[in-house]
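Here is the structure we will look at.
The values are calculated or read from the model by the stated rules, or taken from the named source; none is laboratory data. Since the model is a prediction, treat every value here as computed from it, not as a measurement. Positions of Cβ are generated from backbone atoms using ideal geometry, with glycine treated the same way; all protein chains shown enter the neighbour counts. To get the accessible areas, we keep the full protein, side chains included, count just its heavy atoms, and leave off ligands, DNA and RNA. Shrake-Rupley method; radii C 1.70, N 1.55, O 1.52, S 1.80 Å.
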Amino acid sequence: MMNDHSLPTVDEIRSDVALHNKHSTKQKWVWIGLAGFVCVFTLVIGLSVGMSNKNNSYSKNDNYKNDNSIGGDDEYDRYQASLELLSKHSDVADLKRSGSPQQQALNWMVNEDFEKIPTDHPLFVQRYALATLYYALGGPKWTKRCRWLGFGSECLWNDEEYMENQNILGGAACRDKDSPDEVTWLMLPSNRMEGTIPPELGLLTKLNFLLFIGNRIHGELPSSLEALTDVGYFDVGYNDIQGTLGSWIGGMTSLHTLDLANNRMQGEIPTEIGMCSNMLTMVMENNEFWGKIPTAMASMKALTNLRLGFNSLTGQIPSDIGVWGKKLKYLRLSDNKLEGKIPIGMSKLDKLKTLYLDDNKFTGKMAPQMSFLTNLEKLFLENNKFEDKITESFLQDLVHLKYFDVSNNLLQGEFPVHLLDHPRMEVLDVNNNDLGGGTDGFLPDGFPKSTSLKYLSMQNNFFEGTIPTTISNLEKLTHLDMSSNRLDGTMPSE
């Protein structure tokens, strides 16, 4: 018996057919002769119907014919014909190497595939490419096998309930009405896929959606992906992919979403990335990329989401970011080795809602640029060397701010109590700066009433005097750290 995640073998199918064709043991002995005749007749009809169903099961639009000159019942001839064809698409050494994904796929199509489609069929190569992908990424151990290597068209190799309790289609699917038999969709997230993506993936030239996030894929991405010019969504994040992002990325000109996050890729971001001018979301954080942010990104004017954090990028933020980044809503450059001053063009990113520049080596003042980003909700600038002097006008127009972290910088001036007036402010962290001292050192007596602030960190500065009783106006506060200052007095009880 097969379990929920396995496909039946040919022998199991034959056994099932045999069981369904058994005659009842309650037949009377007087009908033995007639029963024998019926059995033979039924077998002949059954085989005829089986062959008919076999030809129709691949696709209702199929019109291929069984050409015995190509293979027919002679598996050796079929093997040679298949090998000759596939050697135009795969390395011959891979096809002949014992145990390789390519050889396993070839052998399956010759010996095990119930469909036995002819080698001159236009979808023969597609079926081979998907079989190769299956063997290359440990298909027999997948959590969901999605009818892979099953009966009928590859368009049926999917599961409508891939995600538990969610109506989400997983596996392979054909969603192009102009090419109804060609696979356009591959969705296999968190499926225990393990291995290296084979070059044969590039043979699926009608593919426009690929989601392999959260698996155990390793090795390099093959340059054959350049052929996937229709792919709009490509997500292989949270795997163990190594190597560089090659110039081949420039061939994927339809890309609108690229997610390579949380892998071990390295090297410079290629200038060819600029050829992906339709890009909306580019996520490459948590890798080992180095070098400068490429100037070729100037052609990516549709970007709304750019995440390059947690790499080893160097140099400065491109000065023309205000030109090509006008549609950005989310920008993350955290934890790199970027340096220099914030470019003036940054002030033109007025659609930004989330900005991370933390954990770099930025210097100079940032308020002149940040003050124009009036839609900001989250601003993280910690662990740099910003030198602004805080006054009562500091970022006063950022009324949508919820999270503001500027800790571990070189800020001077007074405590930005006016930011507590922002109705949505939940987190304010100014610890470990040079705030206070002199006339700026005393905290204001009148802390405003706030029903949103939950986290306030102001330790390791130069504030002095008595802790104001109005700090109790911060009704929702769950974290308050005022240590390592020159404050005296006691915290109010309420």
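Test of understanding: among SER457, SER484, which residue is hydroxyl-bearing (Ser, Thr, Tyr), open to solvent by less than 70 Å² (accessible area, probe 1.4 Å) and at pLDDT 90 or above?
Values: SER484 fails: open to solvent by less than 70 Å² (accessible area, probe 1.4 Å).
Unique residue meeting the criteria: SER457.
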Are there any pairs with C-beta distances below 7 angstrom linking a residue in the stretch 237-248 that is under 15 Å from GLY267 (Cα atoms) and part of a loop (DSSP other than H, G, I, E, B) to a residue that is among the hydroxyl-bearing types (Ser, Thr, Tyr) and open to solvent by 10 Å² or more (accessible area, probe 1.4 Å), with the two at least 6 apart or on different chains, and if so which? GLY246/SER223
Let me spell it out: the conditions are (1) charged (D, E, K, R); (2) surrounded by 20 or more Cβ atoms within 10 Å (Cβ to Cβ); (3) in contact with a Gly (Cβ under 8 Å, 6 or more places away or on another chain), and ASP405 meets all of them except one. Which number is the exception? (3)
For LEU395, state whether it is within 26 Å of GLY267 (Cβ to Cβ), in contact with a Leu (Cβ under 9 Å, 6 or more places away or on another chain) and open to solvent by less than 10 Å² (accessible area, probe 1.4 Å). no
The condition from (1) among the small types (Gly, Ala, Ser); (2) open to solvent by 10 Å² or more (accessible area, probe 1.4 Å); (3) free of Cβ contacts under 8 Å to residues at least 40 places away in the same chain; (4) in contact with an Asp or Glu (Cβ under 6 Å, 6 or more places away or on another chain) that GLY171 misses is numbered (2)
Select from the stretch 124-152 the residues that are in contact with an Asp or Glu (Cβ under 6 Å, 6 or more places away or on another chain) and assigned to a loop (DSSP other than H, G, I, E, B) and write down the one among them that is most open to solvent (accessible area, probe 1.4 Å). LYS144
Residue pairs within 6 Å by beta carbon, gap of at least six or interchain, first lying in the stretch 422-450 and at pLDDT below 95, second part of a loop (DSSP other than H, G, I, E, B) and among the acidic types (Asp, Glu), listed first then second, are ASP440/GLU414
Out of all the residues in the stretch 212-237, which are within 16 Å of ASN278 (Cβ to Cβ) and of a type in the set (S, T, N, Q)? THR229
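The rows are residues; the columns are (1) of a type in the set (Val, Ile, Thr); (2) touching a strand residue (DSSP E or B) at 6+ places or on another chain (Cβ under 6 Å); (3) surrounded by fewer than 16 Cβ atoms within 10 Å (Cβ to Cβ).
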position	(1), (2), (3)
MET275	no, no, no
MET279	no, no, no
MET282	no, yes, no
MET297	no, no, no
LYS301	no, no, yes
ASN305	no, yes, no
GLY309	no, yes, no
THR314	yes, yes, yes
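Being open to solvent by 90 Å² or more (accessible area, probe 1.4 Å), within 23 Å of LEU204 (Cβ to Cβ), at pLDDT below 95 and out of contact with any helix residue (DSSP H, G or I) (no Cβ under 6 Å at 6 or more places or on another chain) is the requirement here; does LYS60 meet it? Explain how you work it out, then say what you get.
Working: open to solvent by 90 Å² or more (accessible area, probe 1.4 Å): yes; within 23 Å of LEU204 (Cβ to Cβ): yes; at pLDDT below 95: yes; out of contact with any helix residue (DSSP H, G or I) (no Cβ under 6 Å at 6 or more places or on another chain): yes.
Taking the combined requirement at face value, the residue satisfies it.
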With the first residue restricted to the stretch 268-287 and required to be at negative phi, and the second required to be of a type in the set (Phe, Trp, Tyr) and in a helix (DSSP H, G or I), Cβ contacts under 8 Å at 6 or more apart or on different chains are GLU272/TRP248
Could you list, in sequence order, the residues of the stretch 185-203 that are closer than 30 Å to VAL92 by Cβ and either touching a helix residue (DSSP H, G or I) at 6+ places or on another chain (Cβ under 9 Å) or free of Cβ contacts under 8 Å to residues at least 24 places away in the same chain (or both)? LEU186, MET193, GLU194, GLY195, THR196, ILE197, PRO198, PRO199, GLU200, LEU201, GLY202, LEU203
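Report, by residue number, each residue of the stretch 175-194 that is of a type in the set (Ser, Thr, Tyr) and more than 20 Å from the chain's Cα centre (by Cα).
Filtering the stretch 175-194 for residues of a type in the set (Ser, Thr, Tyr) gives 179, 184, 190.
Correct list: SER179 only.
Name the strands (runs of 3 or more DSSP E) wholly within the stretch 290-367 that hold at least 3 residues that are within 23 Å of the chain's Cα centre (by Cα)?
Numbers: elements: 305-307, 312-315, 330-332, 337-340, 354-356, 361-364.
Output list reads 305-307, 330-332, 354-356.
Restricting to the stretch 249-273, what's the tally of residues that are part of a helix (DSSP H, G or I) and either surrounded by fewer than 18 Cβ atoms within 10 Å (Cβ to Cβ) or among the acidic types (Asp, Glu) (or both)? Talk me through it step by step, then tell me what you get.
First, the residues of the stretch 249-273 that are part of a helix (DSSP H, G or I): 249-251, 271-273.
Among the residues that remain, those that are also either surrounded by fewer than 18 Cβ atoms within 10 Å (Cβ to Cβ) or among the acidic types (Asp, Glu) (or both) are: 250, 271-272.
Adding up the residues that qualify gives 3.
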Residues (within 17 Å of LEU401 (Cα to Cα) and surrounded by 17 or more Cβ atoms within 10 Å (Cβ to Cβ)) located in the stretch 430-453: VAL430, SER450, LEU453
Considering only the stretch 185-195, I want to know if a residue exists there that is part of a loop (DSSP other than H, G, I, E, B), more than 30 Å from ALA296 (Cβ to Cβ) and among the hydrophobic types (A, V, I, L, M, F, W, C). yes
Pairs with Cβ under 7 Å, 6+ apart, first in the stretch 91-116 and open to solvent by 60 Å² or more (accessible area, probe 1.4 Å), second among the aromatic types (Phe, Trp, Tyr): GLN104/TYR135; PHE114/PHE151
Between a residue in the stretch 141-164 that is closer than 17 Å to ARG175 by Cα and any residue that is of a type in the set (Gly, Ala, Ser) and in a loop (DSSP other than H, G, I, E, B), which pairs come within a Cβ distance under 9 Å, given they are 6 or more apart or on different chains? GLY152/SER59; SER153/SER59; CYS155/SER59; LEU156/GLY150; TRP157/GLY150
Quick check, is ASP240 open to solvent by 30 Å² or more (accessible area, probe 1.4 Å) and touching a strand residue (DSSP E or B) at 6+ places or on another chain (Cβ under 7 Å)? yes
Residue pairs, Cβ under 6 Å, 6 or more apart or interchain, first in the stretch 314-338 and closer than 23 Å to GLU288 by Cα, second open to solvent by 70 Å² or more (accessible area, probe 1.4 Å) and in a loop (DSSP other than H, G, I, E, B). List them. GLY315/LYS292
